[in-house]
Amino acid sequence: MQIHLILVFILVTVAAVAIVANRTRIPAAILLVLVGLVLSVTPGLPRVELTPELVLLLVVPPLIYSAGVAMSWREFRSNIRSITLLAVGGVIFTTVAAVVHYLLGWDWSVGFVLGAIISPPDEVAPLAIARRLGLPRRTMVVLEGEGLANDATALILYRFAVAAVATGTFSFGSAFLVFIAIMVGEIAFGLAIGYASLRVRRWASDPRVEIILSLLTPFAAYWPPAALGGSGVLATVVCGLYISWNGPLLIPSHTRLQGIFFWDLFIFIMEGALFLLTGLQAAPLLDRVSQVTGSEFVVAALITTVAVIAARFLWVFPSLYLPRLLIPAVRRVDPYPIWQRPFLVAFFGVRGIVSLAAALALPLAVADGSPFPHRDLILLLTFWVILVTLVGQGLMVPPLMRWLGLGRIAEAEQVEERAAEVAARRKAIDAVFQRLEEIATDRSLPEPLVENVRSHLLTRLRRVEAVAADEDERGRLALRDEIEGLLIDTERRHIFGQLERGELIDEARRHIERELDLREAELLRNIPGAVNFED
């Protein structure tokens with residue numbers, strides 16, 4: 001199939017599955033994998049085979065970067081202990097090398113290769129599922145932070161393990177020093193790229209150029225460390241977090257508005273394509289496998305799947321409870337979490353496309369020319385673990401949340417967050433009023449003008465306060481929003497009529513339309529009472 005037909009097919013499928021997902025409330029990520037799986041084994045359809053370089057060098061960088069930019073640095077920093085224990089310690093603990101060595105009889109080095117491939121939970125799949133479920137805030141932050149950082153650990157371990165299998169030698173001491181050097185170097189490099197990116201974008205002074213530079217930033221952070229033997233992941237994550245924290249005061253509003261739309265659409269397409277391609281790999285993998293018997297695969301799949309899931313539970317609970325038990329200072333600042341939270345974190349060990357790309361990137365032969373040990377079985381086991389964790393565990397998360405009662409906790413947190421937002425807005429408006437008085441005094445502004453500005457600011461504040469107030473007030477605001485939305489639609493139709501009659505030029509129509517679109521977007525944002533006026 002020609003490349004342009006493949007791209008159109010992917011876009012059509014992603015859009016169609018997204019519509020079905022919205023109607024069925026099933027996460028689109030799971031549906032896309034299942035659709036890809038069915039299409040892959042359908043007779044007569046061409047095979048679409050994924051290349052590891054495409055994923056690791058072109059797809060992963062922008063996905064990790066966008067997640068880093070969307071991540072709160074303050075929340076990441078406050079949960080750094082839990083994130084580090086999961087992203088570094090959890091990945092190392094879940095390498096399952098001992099299990100496949102003793103139960104399957106594999107060499108230690110080959111066991112570490114398999115473990116490094118399937119140990120890191122994916123950074124895309126869990127969030128694609130979790131966003132629609134309304135997880136408790138801190139649980140979401142820990143899962144998101146782990147997904148951002150654990151690929152760095154896994155890919156570095158993967159390179160060490162593959163080199164050990166290929167050469168037959170391994171030095172723990174030198175590998176540990178190299179690991180630390182890579183971590184420190186990538187953190188420094190990511191900070192440098194983040195700093196440089198924001199400064200260069202300020203020089204551009206053009207939203208289109210700034211968005212292009214933002215698209216190039218993840219590749220600038222990822223490719224050099226990856227080419228030098230690192231992972232590139234950590235540098236990209238650090239770069240994204242730096243821009244997330246420092247960008248709001250340096251990126252112009254018009255660039256931010258256009259950039260948010262661009263990145264939302266870009267990531268939506270990339271994520272959808274990745275999940276679809278994951279399912280489409282079933283047939284190519286089966287075509288390439290030639291030396292794996294059914295019984296061998298069944299035994300290895302059972303042992304590996306149980307080991308991966310069990311190892312995550314065995315690591316998550318001690319990693320979250322032991323620091324508080326052993327260090328009183330930690331316990332005083334951060335008390336023991338209820339058991340439901342670590343249980344959900346442990347259960348949410350969803351594997352994804354990075355694991356599959358790493359498996360596909362395994363060399364065909366080792367240094368002496370002999371085939372890479374168990375390569376075909378590693379490919380099948382990786383795909384199996386992805387299916388079990390992404391589809392199987394992913395479908396079980398909604399009923400699991402209801403059983404754990406975490407949905408009620410998330411709702412209570414949202415109430416607290418809205419109250420905190422109102423308080424923050426009130427303080428900010430107070431500061432604005434003080435600044436307004438200073439400007440009015442310095443410039444001798446007329447009182448009617450000052451009062452008009454003050455009234456506008458108060459209207460914004462009272463609107464937010466009313467949304468957080470009683471149910472009756474929210475109902476009145478919902479009705480007002482609906483009426484204003486209908487009036488905007490009427491105004492838009494009238495403007496278009498004037499355009500058709502030649503009473504208005506296109507450029508003026510676009511100016512008015514942009515103003516109406518911004519106001520309608522404000523009404524349609526996530527505020528209780530907002531409705532879709534086009535339905």
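The table below gives the values:
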item: Residue count, segment 297-315 (criterion: exposed (fewer than 15 other Cβ atoms within 10 Å of the Cβ) and under 15 Å from Leu380 (Cα atoms)); result: 3
item: Among (1) modelled with pLDDT of 80 or more; (2) more than 30 Å from Gln434 (Cα to Cα); (3) open to solvent by less than 60 Å² (accessible area, probe 1.4 Å) - the single one Asp481 does not satisfy; result: (1)
item: Neighbours by Cβ (under 7 Å, 6+ apart or cross-chain): first from segment 282-306, under 19 Å from Pro46 (Cβ atoms); second of a type in the set (Ser, Thr, Tyr) and open to solvent by less than 40 Å² (accessible area, probe 1.4 Å); result: Ala282/Ser40; Ala283/Ser40
item: Residues located in segment 2-20, provided they are surrounded by fewer than 18 Cβ atoms within 10 Å (Cβ to Cβ) and touching a Leu at 6+ places or on another chain (Cβ under 7 Å); result: Val20
item: Any chance Ile269 is closer than 17 Å to Ser355 by Cα, in contact with a helix residue (DSSP H, G or I) (Cβ under 9 Å, 6 or more places away or on another chain) and open to solvent by 40 Å² or more (accessible area, probe 1.4 Å); result: no
item: Qualifying positions in segment 73-119 - of a type in the set (D, E, K, R) and open to solvent by 50 Å² or more (accessible area, probe 1.4 Å); result: Arg74, Arg77, Arg81, Asp107
item: Residue within segment 241-263 that is open to solvent by 40 Å² or more (accessible area, probe 1.4 Å), under 23 Å from Phe179 (Cα atoms) and not acidic (Asp, Glu) present; result: yes
item: Which numbered condition Leu155 fails, given (1) in a helix (DSSP H, G or I); (2) out of contact with any Ser or Thr (no Cβ under 7 Å at 6 or more places or on another chain); result: (2)
item: Answer from Pro399, Pro323, Pro342, Pro318 - the residue that is open to solvent by 40 Å² or more (accessible area, probe 1.4 Å) and within 20 Å of Glu146 (Cα to Cα); result: Pro318
item: Tabulated pairs, segment 378-407, first on the phi < 0 side of the Ramachandran plot and part of a helix (DSSP H, G or I), second open to solvent by 30 Å² or more (accessible area, probe 1.4 Å) and of a type in the set (S, T, N, Q), C-beta under 8 angstrom, 6+ apart or interchain; result: Leu404/Gln340; Leu406/Gln340
item: Residue match in segment 122-134 (condition: farther than 24 Å from Val388 by Cβ, out of contact with any Ser or Thr (no Cβ under 6 Å at 6 or more places or on another chain) and touching a residue at least 40 places away in the same chain (Cβ under 8 Å)); result: yes
item: Any hit, segment 90-112, residues being out of contact with any Cys (no Cβ under 9 Å at 6 or more places or on another chain), farther than 19 Å from Phe383 by Cβ and among the hydroxyl-bearing types (Ser, Thr, Tyr); result: yes
item: Considering residues of segment 130-142 that are surrounded by fewer than 24 Cβ atoms within 10 Å (Cβ to Cβ) and closer than 23 Å to Asn22 by Cβ only, the residue modelled with the highest pLDDT; result: Met140
item: Among the residues listed as Leu364, Leu377, Leu400, the single one being closer than 26 Å to Glu75 by Cα and either modelled with pLDDT of 90 or more or not polar (S, T, N, Q) (or both); result: Leu400
item: Conditions (1) in a helix (DSSP H, G or I); (2) of a type outside the set (Val, Ile, Thr); (3) more than 30 Å from Val178 (Cα to Cα): number failed by Ala235; result: (3)
item: Search result, residues across segment 420-446 that are farther than 15 Å from Leu458 by Cα and at pLDDT 80 or above; result: Ala420, Glu438, Ile439, Ala440, Thr441, Asp442, Arg443, Ser444, Leu445, Pro446
item: Checklist (1) polar (S, T, N, Q); (2) out of contact with any helix residue (DSSP H, G or I) (no Cβ under 9 Å at 6 or more places or on another chain); (3) outside any helix (DSSP H, G or I) applied to Gln291, failing item; result: (2)
item: Complete set of residues in segment 93-110 that are of a type outside the set (Gly, Ala, Ser), free of Cβ contacts under 8 Å to residues at least 40 places away in the same chain and more than 18 Å from Thr167 (Cα to Cα); result: His101, Tyr102
item: Index of the failed condition, Leu322 passing every other in (1) in contact (Cβ under 8 Å) with a residue 40 or more places away in the chain; (2) part of a helix (DSSP H, G or I); (3) farther than 17 Å from Met140 by Cβ; result: (1)
item: Qualifying residue in segment 49-62 (condition: touching a residue at least 12 places away in the same chain (Cβ under 8 Å), outside any helix (DSSP H, G or I) and open to solvent by 20 Å² or more (accessible area, probe 1.4 Å)); result: yes
item: Members of segment 395-436 found to be within 22 Å of Val345 (Cα to Cα) and of a type in the set (A, V, I, L, M, F, W, C), listed by number; result: Leu395, Met396, Val397, Leu400, Met401, Trp403, Leu404, Leu406, Ile409, Ala410, Ala412
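The values are calculated or read from the model by the stated rules, or taken from the named source; none is laboratory data. What you see is a predicted model, and the numbers here were worked out from it, not measured in a lab. No Cβ is skipped: glycine too gets one built from the backbone with ideal geometry, and neighbour counts run over all protein chains shown. The accessibility values were calculated without ligands, DNA or RNA, using every heavy atom of the protein model including side chains. Shrake-Rupley method; radii C 1.70, N 1.55, O 1.52, S 1.80 Å.
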